[in-house]
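The block underneath contains the structure these notes are about, expressed in structure tokens.
The values are calculated or read from the model by the stated rules, or taken from the named source; none is laboratory data. All values derive from a computational prediction rather than experimental measurement. Cβ sites come from the backbone with ideal geometry, for glycine too, and all protein chains shown count toward neighbours. Keep in mind that these areas ignore ligands, DNA and RNA; they rest on the heavy atoms of the full protein, side chains included. Shrake-Rupley method; radii C 1.70, N 1.55, O 1.52, S 1.80 Å.
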Amino acid sequence: MAGNNSAREVHVAHPMLEWHDLTVAYGRRPVLWNVDFEIQDPCLFGIIGPNGAGKSTLLKASLDLVRRAGGTVRFWGQQLAEVRSKIAYVPQRETVDWDFPVSVMDVVRMGATSRLGWFQRGGKRERELARASLDHVGLADFANRQIGKLSGGQQQRVFLARALAREAEIYLLDEPMAGVDAGSQEQIFNILAELRDQGKLVIAVHHDIRTAAEWFDAVALVDMRLVAAGPTAEVLTPENLTMTYSGRLSILDEIGEAVERGGRTP
Amino acid sequence: MIHLAVAIAFLPYNTLVVAAGVAAVGCAAGVIGTFGVLRKRALVGDAAAHATLVGVACALLLTGQRDLAVLLVGGLLSAMVAIVLLVLIRKFTRTRDDAATAIVLSVSFGLGITLISGMVSRGIPGSGGLERFLLGHTASLTATDALLLGTVSVVGVLCIVVGLKEATMVAFDPDFAAAAGWPAATLDLVLIALIAVMVVVGLPAAGAVLVTALVVIPPAVARQWTERLVPMLVIAGAVGLLSALGGVVLSSLAVQVPTGPVVVLVATAFLILSILVAPCRGILWRTRSVSGLSSVSLTKTEVGAATPRVMERKL
């Protein structure tokens, strides 16, 4: 933890996370175009936008999981390679095979042991860390269950616990609410808010504008380009939402509701 | 089992050494194949297997040596070339993955067969023995050959034992591993290379056509019996070992039967048994627990009921 503190002191002038002119293309088709914004302080941050807007790609490009055609990403002003141990990633749930022969505990332990060096299996400390993370998301009773025998919300919480076991400072979550029932959603949001209160930066790709207005401190509206970024109440305006979702009639109603609701949120 | 043990005890020394070497190959193929299957690389292994014939034939043609090590190195090289071609086709054409695999598999196999047939018809020395790489023929192996196969297999298993954490993390969730700083793509390549090596050392036992079975069937058997990775590796290794051993012994008892088909049949016997009677996943076990006709305890019924339908379909 000493390393984390010193990192904060030295790089106090730098934002926690910043993107400059980030451009990503799959083949010739641009997915993200000149995305440029920064997140100064710990908060619960939402990346919002329609399907295929490049939200997941934004996370993946930040973590070097997809190649950037241009632009830079800085964590505390540093390159990713220098700060990896302080970052945890939660991929989309459907990217893994849930029939994989591992228990809930095995998966969470992967988070703890992912911080160790080559061929180090980890020991008591990693086990305890995994146990605590599992406890944190309320799944301690399911430790020995095969991961396929869980509900969507439980699976999502296993992924969250694996990220928690990395004891990171920045959490990047890809659609953590996909296929999650309302109860689990509230539970997951509560854990994320708790992390924020502990001074962590939590960034989640999210598609539901209603809950976004309710939970996120700040958001970025993305539709290939960055439409707007900043405090939730300032960004989720009718104009911005129309710009982001323009031409997508099916969700205009949802926007209307969200704006109404967003207006009520202090 | 007792009959098998008696049969083994009366085998000549050379056959015993060969049986031990081939058993090691079966064990390693099961262990490495487990990661191959979990990472969904079974078809890549099959394409690599079919491509080995080209390299084996070329090795004999270029060096004039019939030494097994030389032939297998040739086979490994052509398997690697096939894998590289596969990656290139996937990357630079719009061909779908399964079609690309089928193309590489059939083209390289066709080329291999053409080469071998041509060499046999021209009477090139040693070319007659190449046919054993098609369906496997362990009777022609020497003790030295078996030692080579066994050594490579032991090294292969050691790789998995040493890199278990890394292999598991990348096989389960490559994106998470990569985000944590692990070279997921490189580790994936290492896994594919290990599969290629296992396919090559499995050639004398099962042949290019059937060797994939050694990599795929034992993990499938093991998955029926366990929900955890380490037990799955152990069971797959044991099933691979017994299948290979059974294949060698049974085919040596029956004159003029290639080893490969017998190995596959023994492995398949394990698979059928497991699909029927394995706890939780086995068909018999499930019908019992679902219909409630027998006195299955309540907890077992619950576990059976909680098994997602997806698993049933996978059978």
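In table form, for the structure just shown:
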| read-out | value |
| --- | --- |
| For the stretch A:79-154, accessible area per residue (1.4 Å probe, heavy atoms of protein chains only), Å² | 43 |
| Contact order normalised by residue count of the stretch B:2-281, Cα under 8 Å, 6+ apart, percent | 33 |
| Chain A - share of DSSP beta bridges that are antiparallel (%, nearest 5) | 55 |
| B:Ile272 versus B:Ile113: modelled label distance in nm, points set 7 Å from Cα along the beta carbon direction | 2.7 |
| When each of B:Lys91/B:Lys165; A:Lys60/A:Lys149; A:Lys149/B:Lys40; A:Lys60/A:Lys86 is checked by Cα-Cα distance, pairs over 23 Å | B:Lys91/B:Lys165; A:Lys60/A:Lys149 |
| Rounded percent of accessible protein surface that carbon and sulfur make up, chain B, 1.4 Å probe | 73 |
| Accessible surface buried once B binds A (1.4 Å probe; total of both sides; Å²) | 3000 |
| Computed E for A:Ala182/B:Ser121 - FRET, C-beta separation, R0 60 angstrom, nearest 0.05 | 0.25 |
| Per residue solvent-accessible surface (Å²) - the stretch B:2-281, probe of 1.4 Å | 41 |
| Sites A:Glu128 and B:Lys40, calculated FRET efficiency, Cβ-Cβ separation with R0 35 Å, nearest 0.05 | 0.55 |
| The stretch B:86-227, Cα convex hull volume normalised per residue, Å³ | 157 |
| Computed FRET value (nearest 0.05) for A:Glu214 with B:Leu265, which takes r as the C-beta separation and R₀ as 56 Å | 0.35 |
| Complex-versus-alone comparison for the stretch A:80-99, residues with a loss of 30 Å² or more in accessible area, probe 1.4 Å | A:Arg84, A:Tyr89, A:Val96, A:Asp97, A:Asp99 |
| Peptides ranked, highest mean first, by Cβ atoms within 10 Å: ranges B:277-283, A:158-164, B:179-185 | A:158-164, B:179-185, B:277-283 |
| Rel. contact order, % - alpha carbon contacts under 8 angstrom, at least six apart, chain A | 24 |
| For peptides B:107-120, A:54-67, sequence by mean Cβ density within 10 Å, most packed first | A:54-67, B:107-120 |
| Sum of side-chain charges, B:Ala47 neighbourhood, beta-carbon under 13 Å (Lys, Arg +1; Asp, Glu -1) | -1 |
| MRE, 222 nm, helices only [DSSP H, n ≥ 4, -39500 (n - 2.57), over chain B, to nearest 500] | -26500 deg cm²/dmol |
| Net length gained if the chain between B:Leu253 and B:Ala102 were fully extended (0.36 nm per residue, minus Cα distance) | 50.8 nm |
| Accessible area, probe 1.4 Å, largest first, for residues A:Asp106, A:Asp217, A:Asp41, B:Asp188 | A:Asp41, A:Asp217, A:Asp106, B:Asp188 |
| Solvent exposure of the stretch A:12-54 as accessible area per residue, Å², 1.4 Å probe | 46 |
| Theoretical ellipticity at 222 nm over chain A - DSSP helices of four or more residues, -39500 (n - 2.57) apiece, nearest 500 | -11000 deg cm²/dmol |
| Antiparallel content of DSSP bridges confined to the protein assembly as shown, in %, to 5 | 55 |
